[in-house]
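Trainee: Let me give you the structure first, and then I'll get to my questions.
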Amino acid sequence: MNPQEFSEAIKQPGVYLLDVRPLADYEKVHIEGAKHLDVTDPDFAKKAEATLPKDETIAVYCNTGKRSAMAEGILQKLGYNVINLDQGITSWIAANLPTV
């Protein structure tokens, strides 16, 4: 999804916003309301199943879209409905959308 579509999607009920970048990146800047789970963590799938709600759409993003695409694939295999921010938070910031 492009930044505008993603922005509208994450405002909807039943959407869980997930930043899949390393913690240091998340702590520097992230989309307000985003939870964090690093996709490069070897236990990502196990932690995802333990913490992410199966009855909500998981909205993932990273810096440029590569790691979030990886997270999207893993989460879909686990049975989650997933949406992904094209080109990551880089495109979000370029679209002048808010961050914290």
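Trainee: Got a number for residues in the range 77-94 being in a strand (DSSP E or B) and closer than 20 Å to residue 41 by Cβ?
Mentor: Of the residues in that region, 2 qualify.
Trainee: So, of the residues in the range 77-89 that are open to solvent by 40 Å² or more (accessible area, probe 1.4 Å) and within 13 Å of the chain's Cα centre (by Cα), which turns out to be farthest from residue 65 (Cα to Cα)?
Mentor: 81
Trainee: Given the condition touching a residue at least 40 places away in the same chain (Cβ under 8 Å) and open to solvent by 80 Å² or more (accessible area, probe 1.4 Å), answer yes or no: does some residue in the range 48-60 qualify?
Mentor: Yes, because at least one residue in the range 48-60 is touching a residue at least 40 places away in the same chain (Cβ under 8 Å) and open to solvent by 80 Å² or more (accessible area, probe 1.4 Å).
Trainee: Within the range 73-85, track down each residue that is over 17 Å from residue 11 (Cα atoms) and of a type outside the set (Phe, Trp, Tyr).
Mentor: 73, 74, 75, 76, 77, 78, 79
Trainee: Could you list all residues from the range 64-76 that are surrounded by 19 or more Cβ atoms within 10 Å (Cβ to Cβ) and part of a loop (DSSP other than H, G, I, E, B)?
Mentor: Within the range 64-76, 65 is the sole residue that qualifies.
Trainee: Could I ask something else about it? Considering only the range 15-36, state which residues are open to solvent by 20 Å² or more (accessible area, probe 1.4 Å), in contact (Cβ under 8 Å) with a residue 24 or more places away in the chain, closer than 14 Å to residue 68 by Cβ and assigned to a loop (DSSP other than H, G, I, E, B).
Mentor: 30 - this is the single residue of the range 15-36 that is open to solvent by 20 Å² or more (accessible area, probe 1.4 Å), in contact (Cβ under 8 Å) with a residue 24 or more places away in the chain, closer than 14 Å to residue 68 by Cβ and assigned to a loop (DSSP other than H, G, I, E, B).
Trainee: If the requirement is being open to solvent by 10 Å² or more (accessible area, probe 1.4 Å) and assigned to a loop (DSSP other than H, G, I, E, B), which of these qualifies: 4, 12?
Mentor: Answer to the check: 12.
The values are calculated or read from the model by the stated rules, or taken from the named source; none is laboratory data. Only a predicted model underlies this, so the values are computations on that prediction, with no experimental measurement involved. We place every Cβ from the backbone using ideal geometry, glycine too, and count neighbours over all the protein chains shown. The protein model used for the area step is the full one, side chains on, heavy atoms only, and it has no ligands, DNA or RNA in it. Shrake-Rupley method; radii C 1.70, N 1.55, O 1.52, S 1.80 Å.
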